[in-house]
1. At a Förster distance of 41 Å, what's the computed FRET efficiency of Gln12 paired with Ala73, Cβ-Cβ distance as r, to 0.05?
2. Given a Förster distance of 22 Å, report the FRET efficiency between Glu87 and Ala22 from their Cβ-Cβ distance, rounded to the nearest 0.05.
3. If you add up the charges near Met76, with Lys and Arg at +1 and Asp and Glu at -1, over every other residue whose beta carbon is less than 13 angstrom from its beta carbon, what do you get?
4. Grab the Cα-Cα distance for Asp103 and Lys63, subtract it from 0.36 nm times how many residues apart they are, and report the gain in nm with one decimal.
5. Between Ile32 and Leu46, what is the label-to-label distance in nm when each label sits 7 Å out along the Cα-to-Cβ direction?
6. Going from most exposed to least, what order do Arg70, Arg18 have by accessible area with a 1.4 Å probe?
7. For the chain, what is the charge dipole size about the Cα centre, in debye to the nearest 20, if Lys and Arg each add +1 at the Cβ and Asp and Glu each add -1 at the Cβ?
8. Name the most mobile residue of Ser40, Ser20, Ser61, meaning the one with the largest mean-square fluctuation, in a Gaussian network model of the chain with Cα contacts below 10 Å.
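The values are calculated or read from the model by the stated rules, or taken from the named source; none is laboratory data. Computed from a predicted model, the values in this text were never measured in an experiment. Every residue, glycine as well, gets a Cβ built from its backbone with ideal geometry; the counts of neighbours run over all protein chains shown. SASA here: full protein model, heavy atoms, side chains in, ligands and nucleic acids out. Shrake-Rupley method; radii C 1.70, N 1.55, O 1.52, S 1.80 Å.
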Amino acid sequence: VQLQASGGGLVQVGGSLRLSCAASGSLFSTLIMAWYRQVSGNKRELVAGTRTDNTTHYPESVKERFTISRDNAKKMVYLHMNSLKPEDTAVYYCKARRPPATDYWGKGTLVTVSS
């Protein structure tokens, strides 16, 4: 599985951005997909995940602001980010997990929220 994230950029506080992740390979619908972010020097943290049954989960820090979605036909996963805050500034990564525990990572895309 290869992943390519895109859509990062500079946005003002309170703005919105949509990240996209294009996947290659087979059986995309069986992959558990997630978005992580990382600030330089910090641990990579989960910001959104979606299982094969389309259930989603978010940490409290982004709940009600971020939405993850997937399009299995297009092999795409998206992260819709609203009400962005300066603390959302990070490099965002797309991750795929083929159960039980084989992970694939894409290159990140930088999101900068300016005040």
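1. On the way: r = 34 Å, r/R0 = 0.82.
The computed FRET efficiency comes out at 0.75.
2. Details: r = 27 Å, r/R0 = 1.24.
So, using R0 = 22 Å, E works out to roughly 0.20.
3. Working: positive: Arg18, Arg70, Lys74, Lys75; negative: Asp71.
My count for the surroundings of Met76 gives +3.
4. Values: separation 40, 0.36 × 40 = 14.40 nm, distance 2.40 nm.
Roughly 12.0 nm would be gained on extension.
5. 0.7 nm
6. Numbers: Arg70 35, Arg18 125 Å².
Largest to smallest exposure gives the sequence Arg18, Arg70.
7. Details: 15 positive and 8 negative charges, 53 e Å.
Computed charge dipole of the chain: roughly 260 debye.
8. Ser40
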